[in-house]
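See structure below.
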Amino acid sequence: MEQAAGVEGGALEVWIDQDLCTGDGICAQYAPEVFELDIDGLAYVKSGEDELLQAKGATTPVPLPLLTDVVDSAKECPGDCIHVRRVSDKVEVYGPDAE
Ligand code: SF4
């Protein structure tokens, strides 16, 4: 199993709010291991087994080697709809709801 990324040691997970996704595909360019556009034109996170997770609010762990790519995706996302949060307390650390 891949090591999950962390801030101060805490594992992180990421989810996408498809209601705000513009479908530009920036996230899938930055981190294709984590994000993918579906045929509906919207981006979804993928499981560690490369399976598209289409349930609303579905999360996937952020692998440590991909943390920078995932954070850059959240920063550049035109829809402001990529949310990166701590697994332990669900506090958003990167994304529109981060402090
Ligand atoms: S970068 Fe944001 S708006 Fe663009 S496809 Fe990814 S989730 Fe959607």
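Couple of notes before you dig in:
- Check on residue 19, on the phi > 0 side of the Ramachandran plot and of a type outside the set (Phe, Trp, Tyr): no
- Verdict on residue 31 being more than 9 Å from the ligand (Cβ to nearest atom) and over 11 Å from the mean Cα position of the chain (by Cα): no
- Among the residues of region 64-74, those identified as at pLDDT 95 or above and surrounded by 13 or more Cβ atoms within 10 Å (Cβ to Cβ) are 66, 67, 69, 70, 71, 72, 73, 74.
- Residue 68 meets each of the listed conditions (1) touching a residue at least 40 places away in the same chain (Cβ under 8 Å); (2) within 15 Å of residue 95 (Cα to Cα) apart from (1).
- Scan of region 83-99 for residues that are closer than 21 Å to residue 27 by Cα and of a type in the set (Gly, Ala, Ser), ordered by number: 95, 98
- Out of 22, 59, sole residue that is within 9 Å of the ligand (Cβ to nearest atom), of a type in the set (Ser, Thr, Tyr) and at pLDDT 95 or above: 22
- For region 34-52, filtered to residues that are surrounded by fewer than 16 Cβ atoms within 10 Å (Cβ to Cβ) and not hydrophobic (A, V, I, L, M, F, W, C), the residue that is nearest to the chain's Cα centre (by Cα) is 47.
- Of all residues making up region 74-83, the number that are more than 6 Å from the ligand (Cβ to nearest atom) and closer than 13 Å to residue 35 by Cα: 2
The values are calculated or read from the model by the stated rules, or taken from the named source; none is laboratory data. As the structure is a prediction and not an experimental result, all values here were calculated from the model. With ideal geometry, Cβ positions are generated from the backbone for all residues, glycine too; neighbour counts draw on all protein chains shown.
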